[in-house]
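Participant: Shown below is the structure under consideration.
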Amino acid sequence: MNKPLPPSQSKEFSLSDQDFEKVAEFAHKNFGLAMSSSKKPLVSSRLARRLRQLNITDFQSYIKQLDGPNAGQERNELLSLLTTNVTHFFREPHHFDTLRDETLPPLLEQARRGGRVRIWSAGCSTGQEPYSIAMLLRSMCPEVSNLDVKILGTDIDPVVVNTAKAAKYQLDDLAQLPKEYKPKDLTGDTMPDNIRSMITFGTLNLIEPFPFKGKFDAIFCRNVAIYFDTPTQQKVWSAFQKALNPGGYLFIGHSERMSGPAATHLTTAGVTTYINNPT
Ligand SMILES: C[S@@+](CC[C@H](N)C(=O)[O-])C[C@H]1O[C@@H](n2cnc3c(N)ncnc32)[C@H](O)[C@@H]1O
């Protein structure tokens, strides 16, 4: 935890409207984030903390650090400051009920007949979402590791992607996993190998064109697009719709809304749940 600063130091940085605009423009162009002026106090205090860590005394010098060939690391730091990585296992459980009762049974049938099943957790943060999907799959189909069923977990932030790959979690969080999904061989703090082997993790910025050839049977993109402005959200929804097989499912976050051209190709199938129409 950061120590509270003495009053003489706490006001040493001031983010002018112009500097805020520059940060907001940078975040929009590079990460798709929408930052209205109401976010200025939050951005200002989080950035001030970062400047102190870096021993930089003004925002303009900081903004300069975000450009240039070696700026990657600082861009990621900025993204982490502006967004949250909060996630947990089986978050928004109604989506996992739909996955268990409606989405997966025909897909597992398809996989047992030799077919391929692909599920994407887009904006997966530290991995609890794709691991929840993997645990659910294995509870429904113990032999799933022998089938062509794969999960992809991606996030723009390489730090959270590395945490997800490590598959190590707080024992308290693992103790709260629903009994029916908790793998019997999960005894310590690390996900068992047969769960880990179902998931591939990678970094991916959702506002850039997707690099995949094949399509997905289900896409989870929850509590990510909430940071995007409406045009960016609609672009991302359309890209997901095009990346889904006919009949594929799209799950979005509880405070996100489907809109734009994608909405005409998707049928509502429950709360924040959509099915891609057959073409
Ligand atoms: C609140 S977490 C959501 C995690 C999980 N989907 C859930 O609902 O529990 C939001 C994640 O979105 C990621 N993110 C933000 N902007 C992104 C972008 N442009 N492309 C990909 N991921 C992004 C953040 O790094 C963060 O890990």
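Participant: Scan A262, A269, A243 and give me the residue that is more than 11 Å from the ligand (Cβ to nearest atom) and free of Cβ contacts under 8 Å to residues at least 60 places away in the same chain. Outline the logic, then answer.
Facilitator: Values: A269 fails: free of Cβ contacts under 8 Å to residues at least 60 places away in the same chain; A243 fails: free of Cβ contacts under 8 Å to residues at least 60 places away in the same chain.
Result of the check over A262, A269, A243: A262.
Participant: Now for a different question. Looking only at residues in segment 16-25 that are in contact (Cβ under 8 Å) with a residue 40 or more places away in the chain and open to solvent by less than 30 Å² (accessible area, probe 1.4 Å), which one is nearest to I226 (Cα to Cα)? So that I can check it myself, show each step before the final result.
Facilitator: As a first pass, look at segment 16-25 and keep what is in contact (Cβ under 8 Å) with a residue 40 or more places away in the chain: 16, 19, 22-23.
Now narrow it down to the ones that are open to solvent by less than 30 Å² (accessible area, probe 1.4 Å): 19, 23.
Working: D19: 24, V23: 18 Å.
Restricting to residues being in contact (Cβ under 8 Å) with a residue 40 or more places away in the chain and open to solvent by less than 30 Å² (accessible area, probe 1.4 Å), the top hit is V23.
Participant: Inspect segment 38-45 for any residue being outside the structural domain of C141 (by TED's automatic domain parsing), surrounded by fewer than 16 Cβ atoms within 10 Å (Cβ to Cβ), assigned to a loop (DSSP other than H, G, I, E, B) and more than 16 Å from the ligand (Cβ to nearest atom) and give the result as yes or no. Working first, answer last.
Facilitator: Just the residues of segment 38-45 that are outside the structural domain of C141 (by TED's automatic domain parsing), to begin with: 38-45.
From what is left, the residues that are surrounded by fewer than 16 Cβ atoms within 10 Å (Cβ to Cβ) are 38, 41-42, 45.
If we keep only those that are assigned to a loop (DSSP other than H, G, I, E, B) as well, we get none.
Scanning segment 38-45, I find no residue that is outside the structural domain of C141 (by TED's automatic domain parsing), surrounded by fewer than 16 Cβ atoms within 10 Å (Cβ to Cβ), assigned to a loop (DSSP other than H, G, I, E, B) and more than 16 Å from the ligand (Cβ to nearest atom), so the answer is no.
Participant: Check whether at least one residue in segment 97-119 is within 16 Å of the ligand (Cβ to nearest atom), assigned to a helix (DSSP H, G or I) and either surrounded by 17 or more Cβ atoms within 10 Å (Cβ to Cβ) or not assigned by TED's automatic domain parsing to the domain that holds E208 (or both), and report yes or no.
Facilitator: yes
Participant: State yes or no: is V86 within 10 Å of the ligand (Cβ to nearest atom) and either surrounded by fewer than 22 Cβ atoms within 10 Å (Cβ to Cβ) or of a type outside the set (K, R) (or both)? Before you say what the answer is, go through the steps one by one.
Facilitator: On the way: within 10 Å of the ligand (Cβ to nearest atom): yes; either surrounded by fewer than 22 Cβ atoms within 10 Å (Cβ to Cβ) or of a type outside the set (K, R) (or both): yes.
Taking the combined requirement at face value, the residue satisfies it.
Participant: Which helices (runs of 4 or more DSSP H) sit wholly inside segment 159-275 and have at least 3 residues that are of a type outside the set (D, E, K, R) and open to solvent by less than 60 Å² (accessible area, probe 1.4 Å)? Walk me through it before giving the result.
Facilitator: Numbers: elements: 171-175, 193-196, 230-243.
By residue number, 230-243.
Participant: Among the residues of segment 222-238, write down those that are within 7 Å of the ligand (Cβ to nearest atom) and not hydrophobic (A, V, I, L, M, F, W, C). So that I can check it myself, show each step before the final result.
Facilitator: At the first step, the residues of segment 222-238 found to be within 7 Å of the ligand (Cβ to nearest atom) are 222-224, 227.
Across segment 222-238, the qualifying residues are R222, N223, Y227.
The values are calculated or read from the model by the stated rules, or taken from the named source; none is laboratory data. Worth saying up front: this structure is predicted, and the values here are computed from it rather than measured. Because the Cβ atoms are built from the backbone with ideal geometry, glycine has one as well, and the counts that use them run over all protein chains shown. With ligands, DNA and RNA removed, areas are computed over all heavy atoms of the protein, side chains included. Shrake-Rupley method; radii C 1.70, N 1.55, O 1.52, S 1.80 Å.
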